[in-house]
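Asker: Could you have a look at this structure, given as structure tokens, before my questions?
Rule-based calculations on the coordinates, nothing more; no lab input. What you see is a predicted model, and the numbers here were worked out from it, not measured in a lab. For neighbour counting, all protein chains shown are included, and Cβ atoms are generated from backbone atoms with ideal geometry for every residue, glycine included.
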Amino acid sequence: MNNKPAQIYLIPCTIAPNTQESVISPRIKQVISAVDYFLVENVRTARRFISSLKLRAVSDLHFEVFNKHTDEQEISKLLSPLRNGQSIGVISEAGCPAIADPGNQIVRWAHRNKVKVTPLVGPSSIILALMASGMNGQNFEFHGYLPIDKILRLKKIQSIENESLITGKTQIFMETPYRNRALAEALLDGCADQTNICFACNLSSSTEEVRTKKVSEWRGQLPDLHKIPTIFLLHA
């Protein structure tokens with residue numbers, strides 16, 4: 001871009017439908033307008049996202065898939081346009097690349113090969129949830145997905161609750177939306193009454209809702225989380 005050395009741009013995308021006008025910055029649009037080669041977690045969602053910005057014809061762009069199944073040995077080949085002076089954009093399926101996302105492998109390769117990486121500002125459900133939770137934002141830990149098995153999940157919940165009690169860390173995790181209810185109920189079953197639980201739902205959308213209460217206050221009045229994108233936070 002602008003005769004600068006080729007680099008890798010980490011391009012955030014929307015985390016809720018039809019929110020591009022409110023969460024996608026002019027800088028992101030500028031980069032997408034100038035880059036022709038993209039590494040994406042999902043080609044269909046990436047094409048749909050870029051099309052929604054109405055900046056250029058998606059048919060003019062080149063997309064390659066990079067996801068958790070990509071062999072590390074393929075990275076150099078996927079990033080070969082850099083050697084020809086062509087910058088590359090990296091787009092996650094939702095939110096910020098390399099945060100709870102396999103894009104970190106691309107960034108690691110870039111550091112090893114002295115390629116500049118430019119992260120762009122955009123929506124991250126993890127950070128937005130923490131900001132709005134009222135929990136400790138100085139010391140926190142993200143666990144990704146908790147175990148599906150009921151016994152293992154309960155052990156994990158009790159383990160992270162104990163860690164929060166000892167260290168003061170906010171514990172952050174997520175679940176596949178259709179299993180949200182089961183996880184919420186497991187939290188109420190496995191945590192002490194005074195432990196704080198936050199459900200951060202539909203972040204950045206018009207139906208966004210973030211609420212933090214003690215376990216004792218949530219009992220008997222869990223919100224309907226079924227199939228709703230949700231970030232879970234815990235602080236003992």
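Asker: Charges at C-beta only: +1 for Lys and Arg, -1 for Asp and Glu. How large is the resulting dipole of the chain about its Cα centre, in Debye rounded to 20?
Answerer: Numbers: 27 positive and 22 negative charges, 113 e Å.
My answer is approximately 540 debye.
Asker: In addition: For the stretch 111-236, how big is Rg over Rh, using alpha carbon atoms and the Kirkwood form of Rh? Provide the component values of the computation, followed by the final result.
Answerer: Values: Rg = 15.4 Å, Rh = 15.2 Å.
Radius of gyration relative to Kirkwood radius: 1.01.
Asker: With the crude spin-label approximation of a point 7 Å out along Cα→Cβ, what separation in nm comes out for H69 versus Q86?
Answerer: According to this spin-label approximation, the distance is 2.4 nm.
Asker: A further question follows. Only bridges with both residues in the stretch 8-119 count here: give the DSSP antiparallel percent, nearest 5. Let's see the in-between values first.
Answerer: Details: 1 of 16 bridges.
Counting only bridges with both partners in the stretch 8-119, antiparallel ones make up about 5 percent.
Asker: Additional query: Of the peptides 32-39, 9-16, how do they stack up when ordered by the mean number of other Cβ atoms within 10 Å, highest first? If you can, show how the numbers build up before the last one.
Answerer: Details: 32-39: 18.4, 9-16: 23.8.
Per-residue mean Cβ counts within 10 Å order the peptides as 9-16, 32-39.
Asker: If you don't mind, another one. Cβ neighbours within 10 Å, averaged per peptide: list 57-66, 193-202 in order, most packed at the top. Before the final figure, lay out each step's value.
Answerer: Values: 57-66: 13.6, 193-202: 19.5.
Averaged packing, sorted descending, gives the order 193-202, 57-66.
Asker: Towards the positive end of the charge dipole of the stretch 8-119, with charges on Cβ (+1 Lys, Arg; -1 Asp, Glu), say which of P26, H62, F49 has the farthest Cα.
Answerer: Checked the options; the winner is P26.
Asker: Quick one: Cα centre-to-centre distance for the stretch 183-220 and the stretch 102-120, in angstrom?
Answerer: Value for the Cα centre distance between the two parts: 35 Å.
Asker: Report which label in (i) 25; (ii) 11; (iii) 21 holds the value of percent of Cα pairs over 34 Å apart derived from the coordinates of this structure.
Answerer: (i)
Asker: Counting only DSSP beta bridges with both residues in the chain, tell me the antiparallel percent, nearest 5. All intermediate terms of the calculation are to be shown ahead of the outcome.
Answerer: Working: 17 of 36 bridges.
In the chain, approximately 45 percent of DSSP beta bridges are antiparallel ones.
Asker: Same structure again: Arranged from highest to lowest average of other beta-carbon atoms within 10 Å per residue, in what order do the peptides 45-56, 18-29 appear?
Answerer: Highest to lowest by the protection proxy: 45-56, 18-29.
Asker: What are the ³J(HN,Hα) values, in whole Hz, obtained from phi via the Karplus relation 6.51 cos²θ - 1.76 cosθ + 1.60 with θ = phi - 60°, for each residue of the stretch 15-24 in sequence order, with x given for Gly and Pro?
Answerer: Here the 3J(HN,Hα) series is 10, 9, x, 6, 10, 4, 5, 9, 10, 9 Hz.
Asker: If you take the C-alpha gyration tensor of the stretch 8-119, multiply each eigenvalue by 5 and take the square root, what semi-axes do you get, largest first, in whole Å?
Answerer: Computed over the stretch 8-119, the values are 22, 15, 13 Å.
Asker: Would you mind estimating how fast the stretch 169-236 diffuses translationally, via Stokes-Einstein at 4 °C and 1.567 mPa s with the Kirkwood radius over Cα pairs, in µm²/s?
Answerer: Values: Rh = 11.9 Å.
Translational D for this selection: 109 µm²/s.
Asker: When the helices in the chain are scored as -39500 (n - 2.57) per DSSP H run of 4 or longer and the sum is shared across all residues, what 222 nm value do you end up with, to the nearest 500 deg cm²/dmol?
Answerer: Numbers: 9 runs with 79 residues, N = 236.
My calculation for the chain gives -9500 deg cm²/dmol from helical runs alone.
Asker: Under a cut-off of 20 Å between alpha-carbon atoms, report the lysines in cross-link reach of K77, not counting same-chain residues fewer than 8 places apart.
Answerer: Answer for K77, where 20 Å is the Cα cut-off: K68, K114, K116, listed by chain and number.
Asker: I'd like the distance separating the alpha-carbon centroids of the stretch 2-66 and the stretch 138-176, in whole Å.
Answerer: What the calculation gives is 33 Å, centre to centre.
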